[in-house]
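I have placed the structure first, in the form of structure tokens, so that the comments after it can refer back to it.
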Amino acid sequence: MEKNYNNAQALQNSNVKSLTTQKSPPKLFGIELSYIGIVMIIGSFAGWLTENIFRLINAKILDSRYHVLPFIFAYGIAVFAMFLVLGNPNDVHIFGLKIFKSNFRLKKLWSNLIYLAVVILFVGIGEILAGYFYEITTGLSLWNYSHVPLHITKYTSLPTMIAFGFGAWLYMKFIFFPLIHWQQKHMSYKLATFINWTLGLLIAIDGLSMVIILLITKVKPLYWRIIFK
């Protein structure tokens, strides 16, 4: 009797020990990295789709946007950067440090306004830096906003900064965090990790390949194009 009790107690202790030593998924600001990766993948597709919608409206053209897959990895990186630097639009942070230490009646409004303003500024700076990087290294202009009113250099303009910045704010407010919460309730972490290591990795390779092709060949890679007359 005593022997059975001791065996049961030892088994219970072993189970408790295995549970406490089990590694928890890596997190950033309390959110599992694989779930963040899924939202980055969706952001990459949203960026590819947005660019093609603008191209369709302005030039009656749909194309590959220099990628093999219908994803633009830079937009996924931008989603991650916004989360890392600014956090949640409803409670803006700077690298995890709260701007507003206490609650007040207009806190959410001011938080969203600051978030939107910073994102608009980041969009403009990011476009200018990326545009001149490719121009200096390849001699190519991948885009040109010189025809747009209130343009700032040929690589950005006030209207495009506001449009893309507003879209990025909408994505973070109404898609990023709601989708994170949905995944935490309904998607297994193993499935999210698998998607990241398959589709996510392919998207990253595709994006890196585009940069390498541009730098080496000095030619914009175009895999398909549809022109609507």
_Let me confirm something: among 195, 205, 212, 216, which residue is in contact (Cβ under 8 Å) with a residue 12 or more places away in the chain and either farther than 23 Å from residue 35 by Cβ or aliphatic (A, V, I, L, M) (or both)?_
195
*Can we say residue 75 is at pLDDT 90 or above, surrounded by 14 or more Cβ atoms within 10 Å (Cβ to Cβ) and touching a Leu at 6+ places or on another chain (Cβ under 9 Å)?*
no
*Looking at residue 64, is it more than 21 Å from residue 168 (Cα to Cα) and over 21 Å from the mean Cα position of the chain (by Cα)?*
no
*Among (1) modelled with pLDDT of 95 or more; (2) surrounded by fewer than 16 Cβ atoms within 10 Å (Cβ to Cβ), where does residue 36 come up short?*
(2)
*Can you tell me which of 195, 203 is farther than 24 Å from residue 54 by Cβ and assigned to a helix (DSSP H, G or I)?*
195
_Please go through (1) loosely packed, with under 15 Cβ neighbours inside 10 Å; (2) at pLDDT 95 or above for residue 116 and return the number of the only condition it doesn't satisfy._
(1)
*Subset of region 157-186 [over 17 Å from residue 116 (Cα atoms) and either buried (at least 16 other Cβ atoms within 10 Å of the Cβ) or in contact with a Leu (Cβ under 8 Å, 6 or more places away or on another chain) (or both)]*: 179, 180, 183
_Filter result for residue 138 (loosely packed, with under 13 Cβ neighbours inside 10 Å and of a type in the set (Val, Ile, Thr))_ = no
*Go through (1) in contact with a helix residue (DSSP H, G or I) (Cβ under 6 Å, 6 or more places away or on another chain); (2) in contact (Cβ under 8 Å) with a residue 60 or more places away in the chain one by one and return the number of the condition residue 112 breaks.*
(1)
*Just for region 141-156: of the residues that are hydroxyl-bearing (Ser, Thr, Tyr) and over 22 Å from the mean Cα position of the chain (by Cα), which one is surrounded by the most Cβ atoms within 10 Å (Cβ to Cβ)?*
145
_Considering residues of region 183-229 that are in contact with a strand residue (DSSP E or B) (Cβ under 9 Å, 6 or more places away or on another chain) and aromatic (Phe, Trp, Tyr) only, the residue modelled with the lowest pLDDT_ = 228
*Quick one: would you say residue 102 is more than 18 Å from residue 79 (Cα to Cα) and either surrounded by 14 or more Cβ atoms within 10 Å (Cβ to Cβ) or at pLDDT 90 or above (or both)?*
no
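The values are calculated or read from the model by the stated rules, or taken from the named source; none is laboratory data. Source: prediction; values computed, not measured. Reconstructed Cβ throughout: ideal geometry from the backbone, glycine too, with neighbour counts over all protein chains shown.
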